[in-house]
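The numbers here are math on the coordinates, done by the rules we state, and not lab data. What you see is a predicted model; the values in this text were computed from it and never measured. Positions of Cβ are backbone-derived with ideal geometry, glycine not excepted, and every protein chain shown enters the neighbour counts.
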Amino acid sequence: MNHLEKLKRGLSTVLSALISVAIGLAFGFIILFLLSLSTYASAGEPFTLKQVFDTAYNEGFLRLMKGCFYMVRRGLKTEISQAAPLIMTGLSVAFAFKTGLFNIGAAGQYTLGAFGALYCAIVLKLPWYLCLLASVLFGAVWGAIPGFFKAYFKINEVITSIMFNWIGLYAVNTLIYGGGTGAMYCAKTTKTWVIGSGVYEGTTIPNISVFLSEKPQGLGLYLKDTSIAIFFAIIIAIILYIIINKTTFGYEIRACGHSQTAAKYAGISEKRNIILSMAIAGGLAGFGAGLYYLSGVAEWQPLVSTSLPGFGFDGISVALLASSNPIGVIFSALFIAHIDVGGGYMNASFFPREIADIVSGIIIYLCAFMLLFKTAISKGISRVFGAKKELEGGK
Amino acid sequence: MSEYIIEMRNITKVFPGIKANDNITLQLKKGEIHALLGENGAGKSTLMSVLFGLYQPDEGKIFKDGKEVKINNPNDANALKIGMVHQHFKLVEVFTVLENIILGAEDTNMGLLEKNRARKKVLMLSQKYGLNVNPNALVEDISVGMQQRVEILKMLYRNNDILIFDEPTAVLTPQEIDDLMEIMRGFAREGKSILFITHKLNEIMAVADRCTVLRKGKYMGTVDIKDVTKEDLSQMMVGRQVSFTVDKMDIQTGKTVLEVKNLTVPSKLHKNNAVKNVSFTVREGEIVCIAGIEGNGQTEFVQALTGLEKIKSGSIKLYGKELTKLSIRQRAKSGMAHIPEDRHKHGLVLDYTLEQNLVLQRYWTNEFKKAGFIRSKAIRKHAVRLIEQFDIRSGQGPITISRSMSGGNQQKAIVGREIDRSEPLVVAVQPTRGLDVGAIEFIHQELVKTRDSGKAVLLVSLELDEVMNLSDRILVMYEGKIVGEFDPKKTTVQELGLYMAGGKRTNEQTNEQTKASLAK
Ligand SMILES: Nc1ncnc2c1ncn2[C@@H]1O[C@H](COP(=O)(O)OP(=O)(O)OP(=O)(O)O)[C@@H](O)[C@H]1O
Ligand SMILES: [Mg+2]
């Protein structure tokens, strides 16, 4: 019965996430269809509904769904490189949720993490693993500050996190730009220096090719220049799962998340827990930025980065979709990265790539209803397995 | 017109692992007080929740005035004039008393809250029925007793005719209970019909017309109270004779375990101190009881003692070690177990499983922790043992989510957990609140055993029977002060009652009291 109950809880969570995804995609298709229709209509030439449908399906929906596999040679690398930071920001938000905190500040912590990593790589020319460590530390500090305010002054972490998002973003931009002469800033490209070669040897995370034979085949061929960041992210997710569920520290933070008063009664230090879990959440987000920028797939652009990095906010969707389960985060991050890459492959004359964001937006919206789906599903499962049978099994 | 205002026929309700209600029939006559009796976990709250629309029965039908009705949610119940005071109150902590009462039945004028009219109605009702509340206080700041009066006012505010009381007296003082009984009789005279759950047989004998008895989810029968005795009822409920007194040998007391000196604790409700200059000691092999009417500083005192709240001044020593500067955890480690007053707020993490809750005060010891990891096997073993020893009943044993357990069984889990820690001092606040007579008998025996093994027990109880039965010494607390110390063998319930009500005071106190009232 123990197992049946566990299975039921697990299955209903996964199924309800899948239902959210399915409904999100269905909405996405409807929007694609309407966009396709309006483009045809405004072209002024005669057209059939079948044409509209086919365009929406073949040049929009199918490519969205195919994600990186539409152009696997370049796509796979992009998708995997994006999934790694997404997993990390997802874990950041999920971990804070478990302690009853809403870490809307993952974006800011991510920004600081990026700064830490790039500073160590470009200015200090440290090896990549030390740069990664720096990204964790920078993110952790940025997370701990709202935690501190919450613990000692009871200021809601949502408010401080949002403020720290913007403070972080502009501070980092200013520091990097340095009036156009910043040490990390390349005036020609208006980005930070490209790391990974020349004087920056050893500052990037190694590529998957270190695991592969000389002449890789198939998937290996497409993945050989992708950094091993994704493995770090997956390993961290697994470690986090174990920490939350199998350690006394996890027991404490979950107790705080469920009931602060009972946790207090049990002698769990609420203040310590809040600061610590915000610091950990910040460190996770910062690490995500380290994984991304040290993979050498992108540079920071201090002049154009006037909105918060998307990975930070997407972390919220990733965590919600995964019901804050760290293992689930791996899959939901892969999914979000998948449709995001797919969004870029849609026929741009019909469909803006933001469709992918709309789909994930709808999915997040539906996540709020997940509890509803869950109860319905677990009722359904009970009916299938038979509550009566269960009774005979138990005592 | 049917003889019964409410009829629940052949109700069955299944939860994972347990048939909480198994073919139960309940018939409520108009204008009667109908008691519902059964052991902890017998299914009383479940049956009432079905009537109130919180649960849908798997089988069975409900009739009102002979007509079948479907009650899909509490709004339906409200429309049928059914109201319920829950075993665990369902109030919004950060709302005021008034806001809670009108919530869901707000009087509005062009979309704006008519708070003044509502306030008048509430004050009128509260005066008429003697339900004293402060409409402006926040619910999180008021005592459980007042919270309950708020719940009753909620029903009256909605003009309900069928009133369900799920263990209303568990949290009340003897005086308040008498008042409530009178209020219920008044309701019945007005033609309201009452369903009344209680574990206290005296109360059933005093007010109920009839009583339906459940055992392990099954219907055992309905009896007319005038035809039965207390003993008959307990026999019907648990299937054996229950002794209502505790056997206790005299034993020699040992060293001083707890020494409280000049302890003063601020109040959250008013500017005065909640606990004023309290001093006493508890020795090994002694059950010392703090008796008093609820709201006289006992809650604040215990919270200060256990570290949940800060003190103003004074000292607390455990075996000579000063505790006032120590954290909750350090106090617990120094040898203090604590059965808290509020099982939902402090006693349990409701969303944790039973086994996780059973180590809430011990998960950090080496028994359950190894290199930072939880030893799940040890936790399971511990849970299985306590469940067996304290007869904690639930649908799925160790992995039951604590929230789904019956109130009495939640209480048994907490009491079992704390007694089992075998610390030199057990601070027990209302340890038997909400337990059935059989379980009370057992917990009392356990507390006496604790004392006999040379430990100290500090009992805080509103229940005078319990106080008289269990304690070796009684301290009466009134308005934050200890106003008298008694030997239970040499005092009477009446004398205690007098002190508890502040009838006997020293001159100094009287003066202060007069000054305070003049100042108002
Ligand atoms: N929501 C729920 N989910 C699962 N099991 C439940 C739920 N509610 C009650 N139960 C189970 O049903 C049984 C009956 O519970 P109920 O609360 O009705 O008991 P009770 O007679 O009110 O006991 P008490 O005197 O302790 O309050 C218990 O074993 C409890 O564990
Ligand atoms: Mg109950």
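Table for the structure above
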quantity: Inter-label distance for B:Ile251 and B:Arg119, nm, one decimal - labels placed 7 Å from Cα along Cα-to-Cβ; calculated: 5.6 nm
quantity: Calculated log₁₀ intensity ratio I(q)/I(0) where the Debye formula runs over C-alpha points of chain B, q = 0.06 Å⁻¹; calculated: -0.29
quantity: Value of Rg to Rh for the protein assembly as shown (Rh from inverse mean 1/r over Cα pairs, i.e. Kirkwood); calculated: 1.03
quantity: ³J(HN,Hα), Karplus 6.51/-1.76/1.60, whole Hz, each residue of the stretch B:137-146, x for Gly, Pro; calculated: 6, 6, 4, 5, 9, 9, 6, 4, x, 6
quantity: Integer Hz, Karplus 6.51/-1.76/1.60 couplings in order for the stretch B:68-74, x for Gly and Pro; calculated: 5, 10, 10, 10, 8, 7, x
quantity: Neighbour-count order for A:Arg63, B:Arg240, fewest beta carbons within 10 angstrom listed first; calculated: B:Arg240, A:Arg63
quantity: Built amide H within the under 5 Å cut-off of B:Val275, gap 5+; calculated: B:Val265
quantity: Hits among aspartates and glutamates - C-alpha to C-alpha of A:Lys188 under 15 Å, sequence gap 8 or more where chains match; calculated: A:Glu299
quantity: R0 of 56 Å, Cβ-Cβ distance B:Asp224-B:Lys333: FRET efficiency to nearest 0.05; calculated: 0.55
quantity: Interchain or long-range residues, amide H under 5 Å from B:Gly38's placed H; calculated: B:Leu214
quantity: Within the protein assembly as shown: Cβ-based charge dipole about Cα centre, in debye rounded to nearest 20 (Lys, Arg +1; Asp, Glu -1); calculated: 1220 debye
quantity: Cα-centred dipole magnitude for the stretch B:167-225, charges only on beta-carbon of K, R (+1) and D, E (-1), debye, nearest 20; calculated: 440 debye
quantity: Extension gain, A:Arg74 back to A:Phe102 (0.36 nm per residue minus Cα-Cα distance, nm); calculated: 6.5 nm
quantity: Exposure proxy order (Cβ contacts within 10 Å, fewest to most) of B:Trp364, A:Trp142, A:Trp300; calculated: B:Trp364, A:Trp300, A:Trp142
quantity: Farthest positive-ward along the protein assembly as shown dipole, Cα basis, beta-carbon charges - from A:Thr174, A:Ala322, A:Ile23; calculated: A:Thr174
quantity: Theoretical gain in end-to-end length, A:Ile242 to A:Ile358 [0.36 nm per residue, Cα-Cα removed]; calculated: 38.4 nm
quantity: Computed [θ] at 222 nm, deg cm²/dmol, chain A (DSSP H ≥ 4; -39,500 (n - 2.57); rounded to nearest 500); calculated: -23000 deg cm²/dmol
quantity: Exposure proxy order (Cβ contacts within 10 Å, fewest to most) of B:Met124, A:Met88; calculated: B:Met124, A:Met88
quantity: Phi to ³J(HN,Hα) by Karplus 6.51 cos²θ - 1.76 cosθ + 1.60 over the stretch B:307-324, Hz, x for Gly, Pro; calculated: x, 6, 10, 7, 9, 9, 7, x, 9, 10, 10, 10, 6, x, 8, 6, 9, 4
quantity: The stretch A:70-349: relative contact order as a whole-number percent, Cα under 8 Å and 6+ apart; calculated: 41 percent
quantity: Unit charges at the beta carbon, dipole of the stretch A:70-349: most positive-side option, A:Tyr110, A:Gln301, A:His258; calculated: A:His258
quantity: Value in Å of the Kirkwood radius, where the stretch A:78-123 supplies the Cα pairs that are averaged; calculated: 11.7 Å
quantity: Kirkwood Rh and Cα Rg combined as Rg/Rh, the stretch B:4-238; calculated: 0.97
quantity: Amide hydrogen neighbours beyond the local backbone of B:Gly484, cut-off 5 Å, H modeled; calculated: B:Val476
quantity: Unit charges at the beta carbon, dipole of the protein assembly as shown: most positive-side option, B:Met220, A:Asn245, B:Thr253; calculated: A:Asn245
quantity: Dipole magnitude (debye, nearest 20) for the stretch B:1-115, charges at Cβ of Lys, Arg, Asp, Glu; calculated: 280 debye
quantity: Computed label-point distance, nm, for sites B:Lys271 and A:Val199 using a 7 Å Cα→Cβ extension; calculated: 7.0 nm
